[in-house]
Amino acid sequence: MENDFQRIERLPPYVFESVNKLKAEARAAGKDIIDFGMGNPDLPTPKHIVDKLVETVLNPRTHRYSASKGIPGLRKAQARYYERRFGVKLDPDTQVIATLGSKEGFANMAQAITNPGDVILVPNPTYPIHAFGFIISGATIQHLPIEEDTDFFEVLDHAVAHSHPKPKALVLNYPGNPSAQLVDLAFYERIVAFAKEHDIIVLSDLAYAEIYFDENERPPSILQVDGAMDVAVEFTSLSKTFSMPGWRMGFAVGNEKLIGALTRIKSYLDYGAFTPIQVAAAAALDSPEEVVADIRAVYKDRRDVLIDVFSRAGWDVPPPKATMFAWAKIPPPFVGMKSLEFATLLLKEADIAVSPGIGFGEYGDDYVRLALVENEQRVRQAGRNLKRFLDHHKEQAKAS
């Protein structure tokens, strides 16, 4: 049989798989790997959410097929959350859909709106599904190279001016994964005006809306902007907010036509998440603010410890203002080394796993991403490992 699978052939090897394989081999050899690689929350899901799941699953009627777009109570809870948090009113019947995590939502939105050859504007570096969901759907990706001092709108203007055909959609992700970059409401006001001027759909990934570390810099929603509902859909997730990654529960909200397109394609593909998960997810969305604040505080404490011990070891990592990630340039004496090579060396010699920046796009290849998914004791151990690793290579560099 010839392997003529064109959609698959458009996908490069998944960088993170090679790192995961190395981690598995190291652990099999008895090494204690301190893992800052995958952004897989280690905190337990809050008890009241688990209790609601258990209560609901005991009812046999909840074991039947569920609703692909999400049960009404869950969609209403998401609408309440948006009004409470952002002051945005949503119609739960036409402007809200539950997804199997924001990743699935993005991928199926790409399937719903993409024609072969459509041009999609995607930041680089960014979370892989932002580009590859559209690549799988047959689109052409126009990368927006985003580095530390980039003027986003200058890059955006250039991309649109040199795109033929004109772009169909623009992907945004703030707070950013992997960069942890934040934007304010004025940024979104310019985006909405730009999208209307150029007739471009905006797809905003707001998965880290609640993981921020300064009350004066709470991430806004693009839907707070007047007229945004005409052009935008926003994706959120409960994975990080409530430490529910394995529950696979997310949402898309916004423009009715786009939500309708996603609803239609999902109706052919799934029956929605297990009903008890949806009921528990509604309970999560209605949680007191201190539930999220407690989770946020853990990430802030871990961030502060990591920044401190890594700095004392010789690697200055910029403190992220949001997300559960730090985005760090490859340290001296490894400047010039590519991110996968450095991540491999760090794993083999220091027992520390990180995500190579190349996995988020070629403009991330001078960086690695560190996920705040190890407790403070383990972070301090990583600092000791790192210091030995860096000191050893500094001595080698002197000797040569």
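All of the numbers you see were taken from the coordinates with simple rules; none came from a lab. Everything numeric in this text was worked out from a predicted model, so none of it was measured. Glycine gets a Cβ as well: all are built from the backbone with ideal geometry, and neighbour counts include every protein chain shown.
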Dipole magnitude of the chain about its Cα centre (Cβ charges: Lys, Arg +1; Asp, Glu -1), debye to nearest 20: 1100 debye
Of 269, 36, 107, which is farthest on the positive side of the dipole of the chain, counting Cα position, with +1 on Lys and Arg Cβ, -1 on Asp and Glu Cβ, and the Cα centre as origin? 269
Between residue 47 and residue 312, what is the label-to-label distance in nm when each label sits 7 Å out along the Cα-to-Cβ direction? 3.4 nm
Neighbour-count order for 144, 170, fewest beta carbons within 10 angstrom listed first: 144, 170
Neighbourhood net charge (12 Å Cβ-Cβ; Lys/Arg +1, Asp/Glu -1) for residue 208: +2
A chain fully extended from residue 94 to residue 166 at 0.36 nm per residue, minus the present Cα-Cα distance, gains in nm 23.1 nm
If you find the alpha carbon centre of segment 193-272 and of segment 332-399, how far apart are they in angstrom? 33 Å
Add +1 for every Lys or Arg and -1 for every Asp or Glu among the other residues with Cβ under 13 Å from the Cβ of residue 327, and state the total. -1
Can you pull out the chymotrypsin sites (Phe, Trp or Tyr not before Pro) in segment 31-140 that DSSP calls coil and that have at most 11 other Cβ atoms within 10 Å? 65
A correct Stokes-Einstein calculation for segment 47-288, using the alpha-carbon Kirkwood radius, 20 °C and 1.002 mPa s, returns a whole-number D in µm² s⁻¹ of 118 µm²/s
Cβ-based net charge around residue 76, under 11 Å, with every Lys or Arg adding one and every Asp or Glu removing one: -2
Total charge dipole magnitude, segment 199-348, about the Cα centre, Cβ charges on Lys, Arg, Asp, Glu only, Debye to nearest 20: 720 debye
Loop only by DSSP, 12 or fewer other Cβ within 10 Å of the Cβ. Give me the GluC sites (Glu not before Pro) in segment 93-159 that pass, ordered by residue number. 148
Taking Cα atoms only, helix 72-86 is inclined relative to the longest principal axis of the chain by an angle, in degrees rounded to 10, of 60 degrees
Burial-style ranking of 204-215, 331-342, average other-beta-carbon count within 10 Å with highest first, yields 204-215, 331-342
Quick check on segment 57-120: take the gyration tensor over C-alpha atoms, sort the square-rooted eigenvalues as a ≥ b ≥ c, and tell me if it's rounded (a/c under 1.5), prolate or oblate. oblate
Assuming 0.36 nm per residue, please report the length gained on full extension of the stretch residue 349 to residue 21 beyond their Cα-Cα distance. 116.5 nm
For an R0 of 51 angstrom, estimate the FRET efficiency from the Cβ-Cβ distance between residue 58 and residue 375 and round to the nearest 0.05. 0.95
Mind ranking 305-311, 48-54 by how tightly packed they are, going by the mean number of other C-beta atoms within 10 angstrom, highest first? 305-311, 48-54
In this model, which of 23/338; 47/348; 31/329; 89/168 are farther than 28 Å apart at the alpha-carbon? 47/348
Kindly express, to the nearest 10 degrees and within the range 0 to 90, the angle between helix 185-198's C-alpha long axis and the longest C-alpha principal axis of the chain. 60 degrees
